[in-house]
Amino acid sequence: MAAPDDPPNLHLLSAARMPFAPRTPPNVRRTWQGTDSEERFRKRPHPTLGPDDVDYCFNAHGYRCVEFDAARAEGSIGVVSLGASEVLGTGVPQEHTFTEVFARRLGRRLGRPVAAWNLGVGGGSADCIARLLVSALPVLRPEVVLIAFPHPARREHLGDDGRVHCHNREGPRRRQLADRLLDPENFVLTQANLNLSSEFNDAMNLYRNYKVCEALCEGSSAMWLFSANCDSFMDRLAHLVAQAHWVRPGITDLKTRSREPASTGLARDMQHPGIAVHREMAELLLAQLQACHGERLRALTRSPAPVA
């Protein structure tokens, strides 16, 4: 057992413990998160979601889901989702994230309880997804894994002290200036990421992480699916990925194409996918799970209890 004062980062790439989230603190409940800010809301209020309609409850490891060691109902199915803020569900109530909607619908279809673990990390990268999956598969032992790859320009670096640094080429310049003054280590790594990032290098980094995820999932007993937030992220890789496991369109593409009004098509920040888009994504995932893993699902389906 680790000592109580052991730094959380010691559990990176652990097969026995889940690592702590890199960008959100443990055991915190917030009203606002990331781009879903009070300032943004005052400037452009959402038509239906008010200040009290969305909150963010992070578990003891900093993820927006139930505790990893929570007791599971007998015969339950485990679902893990990995990705960035679109998976975390920025700007939508937790129960309306596609992870939760998918879990409820899968449970009804199988006649079993479902435990859903949302490992979405705001600003997360393909690097982050592959790293978390190394731990999630052996620790949580999910029956289903859902992966949503974010923009390939993003990177994750580990500092000398084990700290996780998340980088995004598209990040605001004012944040880079703040890092230069207040967090010089992060600024140096950000500049290194900017120098590494190019259309070709980004595609190669995404492919490397995709192959890690594919190998990990194929080496486990989990049924797995993947998407990219935008299908175009996979343009260079389309002929190299497992087509049967690919869910299209991605959630950001769904949002862009949606004819839903802002009240349901957009999240409270008026930027991220809204409730209706998350619901549509859950439906796509469930349909592809049936198409790809129908035999496994039939084996897991419980027969209705006989009527007395």
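The values are calculated or read from the model by the stated rules, or taken from the named source; none is laboratory data. These numbers come from a predicted model, not from an experiment. Every residue, glycine among them, receives a Cβ derived from its backbone with ideal geometry; neighbour counts consider all protein chains shown.
For the range 26-61, the candidate set comprises residues that are in a strand (DSSP E or B) and more than 17 Å from the chain's Cα centre (by Cα); within that set, the residue that is surrounded by the most Cβ atoms within 10 Å (Cβ to Cβ) is Arg30. Of everything listed in (1) modelled with pLDDT of 95 or more; (2) surrounded by 13 or more Cβ atoms within 10 Å (Cβ to Cβ), the single unmet condition for Arg257 is (2). With respect to the stated conditions, Trp117 is more than 29 Å from Met204 (Cβ to Cβ) and buried (at least 22 other Cβ atoms within 10 Å of the Cβ).
Here Leu286 meets the list (1) touching a residue at least 40 places away in the same chain (Cβ under 8 Å); (2) assigned to a loop (DSSP other than H, G, I, E, B) almost entirely, failing just condition (2). Before we move on, is Gly83 at pLDDT 95 or above, exposed (fewer than 14 other Cβ atoms within 10 Å of the Cβ) and either of a type outside the set (S, T, N, Q) or within 30 Å of His157 (Cα to Cα) (or both)? No. Is there a residue in the range 226-235 that is free of Cβ contacts under 8 Å to residues at least 60 places away in the same chain, over 26 Å from Val101 (Cα atoms) and either assigned to a loop (DSSP other than H, G, I, E, B) or hydroxyl-bearing (Ser, Thr, Tyr) (or both)? So far as the range 226-235 goes, no, none of its residues is free of Cβ contacts under 8 Å to residues at least 60 places away in the same chain, over 26 Å from Val101 (Cα atoms) and either assigned to a loop (DSSP other than H, G, I, E, B) or hydroxyl-bearing (Ser, Thr, Tyr) (or both). Of the strands (runs of 3 or more DSSP E) lying entirely inside the range 62-164, those containing at least 1 residues that are aliphatic (A, V, I, L, M), in contact (Cβ under 8 Å) with a residue 40 or more places away in the chain and more than 30 Å from Ser263 (Cα to Cα) span 77-82, 144-149, 155-158. Among the β-branched types (Val, Ile, Thr), within 17 Å of the chain's Cα centre (by Cα), over 20 Å from Met18 (Cα atoms) and buried (at least 21 other Cβ atoms within 10 Å of the Cβ) - does that describe any residue in the range 100-109? For the range 100-109, residues among the β-branched types (Val, Ile, Thr), within 17 Å of the chain's Cα centre (by Cα), over 20 Å from Met18 (Cα atoms) and buried (at least 21 other Cβ atoms within 10 Å of the Cβ): present.
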